[in-house]
1. Yes or no: the range 140-158 includes at least one residue that is buried (at least 17 other Cβ atoms within 10 Å of the Cβ), modelled with pLDDT under 95 and not charged (D, E, K, R).
2. Going through L146, L113, L117 one at a time, which residue ends up being in a loop (DSSP other than H, G, I, E, B), over 27 Å from V39 (Cα atoms), touching a residue at least 24 places away in the same chain (Cβ under 8 Å) and of a type in the set (A, V, I, L, M, F, W, C)?
3. Can you tell me which residue within the range 165-218, out of those that are farther than 21 Å from G112 by Cα, in a strand (DSSP E or B) and small (G, A, S), is farthest from the chain's Cα centre (by Cα)?
4. Select from the range 1-55 the residues that are among the acidic types (D, E) and surrounded by fewer than 19 Cβ atoms within 10 Å (Cβ to Cβ) and write down the one among them that is nearest to P175 (Cα to Cα).
5. Could you tell me which of the residues E95, E104 is exposed (fewer than 14 other Cβ atoms within 10 Å of the Cβ) and either touching a His at 6+ places or on another chain (Cβ under 7 Å) or modelled with pLDDT of 95 or more (or both)?
6. What residue, of L168, L208, is hydrophobic (A, V, I, L, M, F, W, C), in contact with a helix residue (DSSP H, G or I) (Cβ under 8 Å, 6 or more places away or on another chain) and either crowded, with 18+ Cβ neighbours inside 10 Å or over 18 Å from I35 (Cα atoms) (or both)?
7. Checking S70 against (1) more than 21 Å from P31 (Cα to Cα); (2) of a type in the set (G, A, S); (3) in contact with a strand residue (DSSP E or B) (Cβ under 7 Å, 6 or more places away or on another chain), only one condition comes out false. Which one?
8. Could you tell me whether I88 is surrounded by fewer than 23 Cβ atoms within 10 Å (Cβ to Cβ), closer than 21 Å to A178 by Cα and modelled with pLDDT of 95 or more?
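The values are calculated or read from the model by the stated rules, or taken from the named source; none is laboratory data. Model, not experiment: these values are computed from the prediction. No Cβ is skipped: glycine too gets one built from the backbone with ideal geometry, and neighbour counts run over all protein chains shown.
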Amino acid sequence: MKGALTPQAAAELIPDGASLMVGGFMAVGTPARLIEAIVARRPRNLTLICNDAATPGKGVGKLISAGLISRLIASHIGLNPEMQAKMISGEVECELVPQGTLVERIRAGGMGLGGVLTPTGLGTEVEEGKQIVEVQGRRFLVETPLKADFALLGAWQADYVGNLRYLLTAHNFNPVMALAGATVIAEADSIVPVGVIPPDAVKTPGVLVDHLLIRPGL
């Protein structure tokens, strides 16, 4: 880990036009303080890669409401009418990806793979413009890897060297996104001394984390 930052200092690292992966599922496991700081700084023309568009005023929905996003790659937007309106008007380009395919594309990006093969989407609009290959008599779509300039993670615990532990459903997209972001910024509910987190509970090792948000009062 390179160092600890305030949310405001972390937001300063994100330029206009950056691509962001943000962990979470309907804001569970999403770095709330960091999102607030990004909204306050207002970088523009961002690409957002996440599971969903959350809801207006919650989680990544705050980035959408603030008009900071020009492109969204997600599995669904059904609970955010603001995002739906922005997609219909053309204000935000939206790529909807089946959820399993989305997480596999992110994993492929983090692992350095050339893509993934999946039958999901064959015979639907999803296959338009995509390569199709046949393996052992079965047809598959070739889905390309996803990577981002920044991965913004929400963890339950972090220790002083950046090892991360997630709680329950916050395991969703955070661990896989930690591998696919060029710069990884983590926000934890609590920061504890090294050794407090059992080794087998570390889901993102500190070597992957570039910056950890400090807690108020630290």
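1. No: the range 140-158 contains no residue that is buried (at least 17 other Cβ atoms within 10 Å of the Cβ), modelled with pLDDT under 95 and not charged (D, E, K, R).
2. Every option except L113 fails the conditions.
3. S190
4. Once the filter is applied, the top-ranked residue is E36.
5. Details: E104 fails: exposed (fewer than 14 other Cβ atoms within 10 Å of the Cβ).
Being exposed (fewer than 14 other Cβ atoms within 10 Å of the Cβ) and either touching a His at 6+ places or on another chain (Cβ under 7 Å) or modelled with pLDDT of 95 or more (or both) holds for just one of E95, E104, which is E95.
6. L208
7. Exception for S70: condition (1).
8. Taking the combined requirement at face value, the residue does not satisfy it.
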